[in-house]
């Protein structure tokens, strides 16, 4: 294979197309498009037609500028597409944040497998794909008959590019209720929902789905033999370089709309579904204890917009006065589900540097709580947007008691997705030296973290 790797990366907030150098696995170019949710009917859904035009135009332009030799796909989880016999959508792809599936909570809970079988906690809205399907088939009684194939989201784009349908283990293992990560097979829910014949075959993320369809080659200028790889859940794409080239124990923090903490080779702990812990499934099909909260969304809500980096005086003001944001900004998810956000001390003005500092400290403390809940041990590597937030990294190092490094690259998922196409990792994985914290400053951060944890416990009583 010659040419660079084009990575289709559909996140919950933005859709991206990334060109990755196949030799160094570094990003060459990135274009983005907001992942705007359309209101319906029949339900809020993703703008896949808009994304499709964006992706095809981007593939055309990137191939002309850089030369594309293969395509890989990574997307957010909690998403399935229902295809008819012609390969078109039998219904729009449901936005997992829509509360519609909550209308049938009691009926769905009566049939879903236990946490011990799936490693999948019961989540709100459509965050459990099984709940999505149960509700969709209930509100549209003809939909199940129209559905010929059910594919997970990375493979939806693969199907449109190649005409071949599949599911992958990482997407099925992303709190769908449909997968048993310990046995590596479909859960009992698949039989209960009577969808075994409709679920597309399970493939490895690194499998080749096939070459692009002739009309795709014509529209983009890509060679007709351009291979499309099966694809991977985005958090697992961030994890893959370290699974292939890292030395356990370690944890990877994938940041974006969601902050996902994934532990490899950590301490043995009993996962608690009520704390939003779960089992993810790596690209090798192995269970990975994980925890999550909606960190990127919480950041945007809590800051009220962009905030300037704090000066030393502004940061000292926040720390010395112990101005704190208490969980949870998004109370439906995370280690403090059901808690309501509150400010301890004088609430900083939205958009101010002090507010940005307090939010960064909050997000680091939330991440540290997630790591504790999954038995983290060893090195911590932060992927994605939060890797550029120095204060977040410093507080995470203090609160976790572990060395914290930030990964190279601006799109944490792209290198992992590209590895599916090149069949190798860079060893060791590319990340910087652990963040250093001045001793005097570390004591101040430790006092702040201790007060925050104490206040969280008090509010939990």
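The values are calculated or read from the model by the stated rules, or taken from the named source; none is laboratory data. If you're wondering where the values come from, they're calculated on a predicted model, not measured in any experiment. Reconstructed Cβ throughout: ideal geometry from the backbone, glycine too, with neighbour counts over all protein chains shown.
May I ask you to list the residues in segment 196-207 that are over 20 Å from residue 233 (Cβ atoms) and in contact with a strand residue (DSSP E or B) (Cβ under 6 Å, 6 or more places away or on another chain)?
The one that is over 20 Å from residue 233 (Cβ atoms) and in contact with a strand residue (DSSP E or B) (Cβ under 6 Å, 6 or more places away or on another chain): 198.
Given the condition under 20 Å from the mean Cα position of the chain (by Cα) and in a loop (DSSP other than H, G, I, E, B), answer yes or no: does some residue in segment 385-408 qualify?
Checked segment 385-408: at least one residue is under 20 Å from the mean Cα position of the chain (by Cα) and in a loop (DSSP other than H, G, I, E, B).
Of the residues in segment 64-79, how many are within 10 Å of the chain's Cα centre (by Cα) and either assigned to a strand (DSSP E or B) or under 14 Å from residue 422 (Cβ atoms) (or both)?
Final tally of qualifying residues: 2.
For residues that are over 15 Å from residue 62 (Cβ atoms) and assigned to a helix (DSSP H, G or I), scanning just segment 220-239, find the one that is modelled with the lowest pLDDT.
238
Working only within segment 65-81, note down all residues that are over 18 Å from residue 225 (Cβ atoms) and out of contact with any strand residue (DSSP E or B) (no Cβ under 6 Å at 6 or more places or on another chain).
Across segment 65-81, the qualifying residues are 65, 76, 78, 79.
Looking only at segment 1-29, how many residues end up being surrounded by fewer than 18 Cβ atoms within 10 Å (Cβ to Cβ) and not in a loop (DSSP other than H, G, I, E, B)?
Total satisfying the criteria: 3.
Could you tell me how many of the residues in segment 208-223 are under 20 Å from residue 165 (Cβ atoms) and in contact with a strand residue (DSSP E or B) (Cβ under 8 Å, 6 or more places away or on another chain)?
Count: 5.
Taking the criterion of being within 20 Å of the chain's Cα centre (by Cα), part of a strand (DSSP E or B), modelled with pLDDT of 95 or more and surrounded by fewer than 21 Cβ atoms within 10 Å (Cβ to Cβ), would at least one residue in segment 35-52 satisfy it?
yes
Please indicate, with yes or no, whether at least one residue in segment 256-266 is in a loop (DSSP other than H, G, I, E, B) and either farther than 21 Å from residue 325 by Cβ or more than 15 Å from the chain's Cα centre (by Cα) (or both).
Yes.
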